[in-house]
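These notes are about the structure you will find just below.
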4 protein chains.
Amino acid sequence: MPKETFFNLSETKRKRILEAAIDEFAENGYENSRVNEIVRRSTIPKGSFYQYFENKCDLFRYVLDIIYKKKMEMMTDIEISHKELSVFETLRIMVEAGIKMAEEDPRLSKISDKLVANKPLMDEVLKEYAPSSDDLIKSLIRRGKDNGELADWVDPELASNLITAFILSLSEMIRSSNNGIIAEAAREKYLSLINFLEYGMKRREDDDSGK
Amino acid sequence: MPKETFFNLSETKRKRILEAAIDEFAENGYENSRVNEIVRRSTIPKGSFYQYFENKCDLFRYVLDIIYKKKMEMMTDIEISHKELSVFETLRIMVEAGIKMAEEDPRLSKISDKLVANKPLMDEVLKEYAPSSDDLIKSLIRRGKDNGELADWVDPELASNLITAFILSLSEMIRSSNNGIIAEAAREKYLSLINFLEYGMKRREDDDSGK
Amino acid sequence: MPKETFFNLSETKRKRILEAAIDEFAENGYENSRVNEIVRRSTIPKGSFYQYFENKCDLFRYVLDIIYKKKMEMMTDIEISHKELSVFETLRIMVEAGIKMAEEDPRLSKISDKLVANKPLMDEVLKEYAPSSDDLIKSLIRRGKDNGELADWVDPELASNLITAFILSLSEMIRSSNNGIIAEAAREKYLSLINFLEYGMKRREDDDSGK
Amino acid sequence: MPKETFFNLSETKRKRILEAAIDEFAENGYENSRVNEIVRRSTIPKGSFYQYFENKCDLFRYVLDIIYKKKMEMMTDIEISHKELSVFETLRIMVEAGIKMAEEDPRLSKISDKLVANKPLMDEVLKEYAPSSDDLIKSLIRRGKDNGELADWVDPELASNLITAFILSLSEMIRSSNNGIIAEAAREKYLSLINFLEYGMKRREDDDSGK
DNA sequence: GATGAATGAGACTTCATTCAT
DNA sequence: AATGAATGAAGTCTCATTCAT
């Protein structure tokens, strides 16, 4: 976590620093990003950097935190405000929102994608973030089962894994679309995957199997 | 590609060097791995390293190549030698083989997982490897449709995406099992995902929908 | 050009660094000089070196610049402040001044002499410096012709070549006097060369030839 | 001096090695030339290199020796076989021969030009070669004085310096003509310098001065 | 003698972090 | 708190020369 001095800064300055950091991390990943460059881009003195942050890693984790919180907030908002919709309708909205977020600021997606290289760092981060995002999906599934939308055999654990796999592959698609605009094709492909999930999981008259 | 001098070495020495490299890359990813360390672990002089390899990247790509070829060989063998099996049976065997491979040498899986940090390098590598592994899956799907195992609406493109997403999430599971032994739970989870795929894609009497 | 940080240093420190660099370059030429050694001699940390200069070449070119500017300033001063003297008198003063300069700091002459090994570097440097020094000589010649001191047939181009050849051979003499003190003999030889030039170029009553 | 093993080689092989060395030295100068490259170009094993030569320097000095001997032989031949010609006629022929030599193999001129960077090496080399080339010129001058071609005041020492200065500047011209073909302009300039020398040094009716 | 692998000192440079004002 | 210079460990890579077969 940044030091108190960072939070005492004017918002404009804080923004400037964060923008610079996000740019640098998105372009180069954690390892290849340079404090020098962040400092240059945000036009703060190098000494100040270490007065605001413990070290490079401190800032990076703070940036991750921001990204993660933004994503979670978005997802949770949707989950809460669309309780009347079906599970898959909700998922579709989440995907659309995720794509929109990635289009609005592709840097954020890039940063998480590039996370993987640094083992100890990544482990720490995952331990922190993974559970709650998993929880969100599971609670969505549970609602679907309570509603009778989903077949009885559907296991929340299983479904959550499926959906997480999808989210990962979404990131991949976004990452590989180099211009920052998600091609329409990618969106369609994505929605068809949800169709498939729906087709496979929805309750049927002759509900007998799955496993 | 390593230089000729490398291939002229005794097998024991070549192995020693590769083992050292794989260890280092698996532990630290490409960026954080040090030639110095590889050289120390394999007890070769630093000068020799550069007589065997163009540079650090050269060795890394060679290691990736080995991993990739090993995986592909395994997958292709299965695809060819089990033409009598159903698509999903084949997939199950592939998954089992993949898990076994990862259990036998978890370092190999780790290396590919940590690839992502270096964008230009990764792009190059993907361009080289992705297509053929995609082809394998697609040919599997096509066979399933020709056999009448798969529903008519199943799009090879879509299915290949689904399966690739699964493979990604498999890697993830393996990676997160830090002790090197894939928990039995992970295997079960995995197989249940294939069950789901089968359930969703198989041809039915009343085959009408999906999309 | 050195970075701003270099010019912000105290003069003593800047001098110390330059002295160390000049020593090293004079003794070993560009190729054989080591940043390590410059850093050791000036007792600055290696990291500082790269905070002051882009790289080894940057410092070298800066040193050349200093030498060149010093020489040009000296020569130009003489040319301007002795307009009443004959061309050859001026040349004699220049030579004396050049010798004195070389005696005061023989390292400077040595550095330019050793420049030649690195072709691309040298070409760049020559492109930068040669023209203006050529101009100085030519303007001197032109004045001589306007004055009627020089024979009509004397071609500024030719004369400038002659004189440049002399300056080269002067450098050579200085370089080969390894103790740093220009032997009196060398000076005399030098002046006799100018005598010869004067004898050959001065206007005569029966001015008919040359070419 | 190369070892006996070198001189025992077949002429074709010896030539091949020398050609490779001359290429490398001409392109890069002594410091920047690599034994590796010479070995590669001449397709001899690296081990053989050190069986033929003491070390890199040994080969370099041998190459210098060849160049120098070639030049001296050419100059001496001219001096001997044209005793009937005037001093300056002889010089003109020498210059033409020198230019032709440089045109036929510009690499040779380049090598001597790039010599200067390595102080101890150069000093040694100069000590070895300079005297005899100086002698040649001086003997030429002496003949001129004995003939009565040259003015009484002409000092052999002085004249030899002058001519050496010219030869230096000739090298320079050749070096800077990057295409390897000496521009016609350079030749003309050169000859006009000799004209000047002749004009300045030749005996006149009213021979009174110079000094 | 021929061969080519082995060797390691040492070159340049980067960069996160600390220090001093 | 702000500033930017100071610091040095560590990185990659080169290359002349020696060694072993």
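What are the label-to-label distances in nm, one decimal and shortest first, from C:R142 to the same spot in the other copies, with labels 7 Å along Cα to Cβ?
Here the equivalent label points are 4.6, 8.0, 9.3 nm apart from this one.
Enumerate the lysines that A:K69 could reach by cross-link, defined here as Cα to Cα under 24 Å, with residues fewer than 8 away along the same chain left out.
A:K3, A:K13, A:K15, A:K56, A:K83, A:K100, A:K110, A:K114, A:K119, A:K127, A:K138
Quickly work out the B:D135-to-D:D58 label distance, labels modelled 7 Å from Cα along the C-beta direction, and quote it in nm with one decimal.
5.5 nm
Kirkwood Rh, Cα Rg: Rg to Rh for the protein assembly as shown?
Numbers: Rg = 39.9 Å, Rh = 34.4 Å.
With Rg and the Kirkwood Rh in hand, the quotient comes to 1.16.
What trypsin sites (Lys or Arg not before Pro) in segment C:7-92 are in a loop by DSSP, with at most 14 other Cβ atoms within 10 Å of the Cβ?
Qualifying residues, ordered by number: C:R34, C:K83.
In the full protein assembly as shown, how much of A:L64 is accessible to a 1.4 Å probe, in Å² to the nearest 10?
That residue has around 10 Å² of solvent-accessible surface.
Summing +1 for each Lys or Arg and -1 for each Asp or Glu, what net charge is found among the other residues whose Cβ lies under 10 Å from the Cβ of D:A97?
+1
Suppose a student asked you for the relative contact order of chain A, using Cα pairs under 8 Å spaced at least 6 residues apart; what percent would you report?
Numbers: 159 pairs, mean separation 45.8, N = 211.
Worked out over chain A, it gives 22 percent.
Could you work out how far helix A:156-176 tilts from the main Cα principal axis of chain A, as a 0 to 90 degree angle to the nearest 10?
Its long axis makes an angle of about 50 degrees.
Suppose the Debye formula is applied to equal point scatterers at every Cα of segment D:4-201; what is log10 I(q)/I(0) at q = 0.13, 0.15 Å⁻¹?
Treating every Cα as an identical point scatterer, log10 I(q)/I(0) equals -0.77, -0.97.
Considering only DSSP states other than H, G, I, E and B, which GluC sites (Glu not before Pro) in segment B:1-103 qualify as loop sites with at most 10 other Cβ atoms within 10 Å?
Here the sparse-neighbourhood loop sites are B:E84.
Along Cα-to-Cβ, 7 Å out, sits the label point; list in nm, shortest first, how far the one on A:M72 is from those in the other copies.
Going from nearest to farthest copy, the values are 4.1, 6.4, 8.6 nm.
Where does helix A:56-81 land angle-wise versus the long Cα axis of chain A, in degrees 0 to 90, nearest 10?
With rounding to tens, the tilt is 30 degrees.
Quick one: if the Förster radius is 22 Å, what FRET efficiency do B:N147 and A:R204 give, using the C-beta to C-beta distance and rounding to 0.05?
Calculated value: 0.35.
Find, among the residues of chain B, the one whose Cβ sits nearest the axis of the rotation taking B to C; state the distance in whole Å.
Result for the B and C rotation: B:N36, 9.
Once you have the Cα-Cα distance between A:D155 and A:R41, take 0.36 nm times their residue separation minus that, and quote the gain in nm to one decimal.
Computed gain between A:D155 and A:R41 is 36.2 nm.
Return the distance in nm (one decimal) between the two label points of a simple spin-label model at B:D123 and C:S10, each offset 7 Å from Cα along Cα→Cβ.
Label at B:D123, label at C:S10, 5.0 nm between them.
Copy-to-copy spacing for D:A130, label 7 Å out on the Cα-to-C-beta vector, in nm, shortest first?
2.5, 6.7, 7.6
Under 12 Å from the Cβ of A:S42, count the other residues' Cβ atoms, weight Lys and Arg +1, Asp and Glu -1, and hand me the total.
Net charge in that neighbourhood comes out at +3.
Using a Förster distance of 45 angstrom, determine the FRET efficiency expected from the C-beta separation of B:D23 and C:K100, and round it to 0.05.
Working: r = 66 Å, r/R0 = 1.46.
It comes out at approximately 0.10.
Give me the angle, in degrees from 0 to 90, between the Cα long axis of helix C:184-201 and the longest principal axis of the Cα atoms of chain C, rounded to the nearest 10.
The angle comes out at about 40 degrees.
The values are calculated or read from the model by the stated rules, or taken from the named source; none is laboratory data. Because the structure is predicted, anything quoted here is derived from the model rather than measured. Please note: Cβ atoms are built from the backbone with ideal geometry, for glycine as well, and neighbour counts cover all protein chains shown. To get the accessible areas, we keep the full protein, side chains included, count just its heavy atoms, and leave off ligands, DNA and RNA. Shrake-Rupley method; radii C 1.70, N 1.55, O 1.52, S 1.80 Å.
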